[in-house]
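Structure first, then comments.
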Amino acid sequence: MEREIAFRTEQGLYYSYFKHLIKSDSISQGVSDLKNDNQTEHGHSINVWQRFNIYQELVIALLQRYVFNWTHPILFYVEFVFSLQGFHAAMLFFISWSLSGTWVSGVVTMALLIGHRHEITRVPYTVPLREHFSLPFFYAMLASIARYLKKSNEKSKKDDNMPPPFWSSTVTTQ
């Protein structure tokens, strides 16, 4: 309970939905309850799935309930978010390495990430924010784009060194 008190404002709101999904009789029952929620807004029944972005909490609840059910829910929730931040750092390393062609730039990127972590992320202070779930996958998308661009650049350089095909040469007669 003491750990849960640390979540303020929307952090506590998102965690409460995760906790509701964990504590419900079944996940489907928890999803159904959140479609007709009367605790979030006093006097109104709302569909939480339409109002808020809580699909991340559903995925984490599924993992915690069916795969990692031996750990305490709040610890699993926080560790999952921290693991996503590790994935975030790995994607930044991969982007830097892919674009420069050397792992040294990845190490420099990680050093800058660690040195400026307070400007880059708010995860040490506000764990369950939406940005902590989305940024790692945004950087994964950028990493795949960087890898694609590097491969296409290498291919175009390789194609430039090849002789022209036989049908492109013109025969000139005098």
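Nothing in this text is a laboratory measurement; each read-out follows from the coordinates by a stated rule. All values reported here derive from a predicted model rather than from experimental measurement. A quick note on method: Cβ atoms are made from the backbone with ideal geometry, for glycine too, and the neighbour counts reach across all protein chains shown.
For this structure, a couple of remarks:
- The Cβ shell under 14 Å around T121 holds other residues with a net charge of +1, Lys and Arg each +1, Asp and Glu each -1.
- For the stretch 72-86 versus the stretch 41-71, the spacing of their alpha-carbon centroids is 15 Å.
- Between the amide H of T121 and any residue lying 5 or more places away or on another chain, no distance stays under 5 Å, with hydrogens modeled in the peptide plane.
- Here the label points at V59 and N38, each 7 Å from Cα along the C-beta direction, are separated by 3.3 nm in the simple model.
- Theoretical FRET efficiency, 1/(1+(r/R0)^6), r = Cβ-Cβ of T102 and F82, R0 35 Å, to 0.05: 0.80
- For Y148, neighbours were defined as the other residues whose beta-carbon sits under 13 Å from its Cβ, and their charges (Lys and Arg +1, Asp and Glu -1) total +3.
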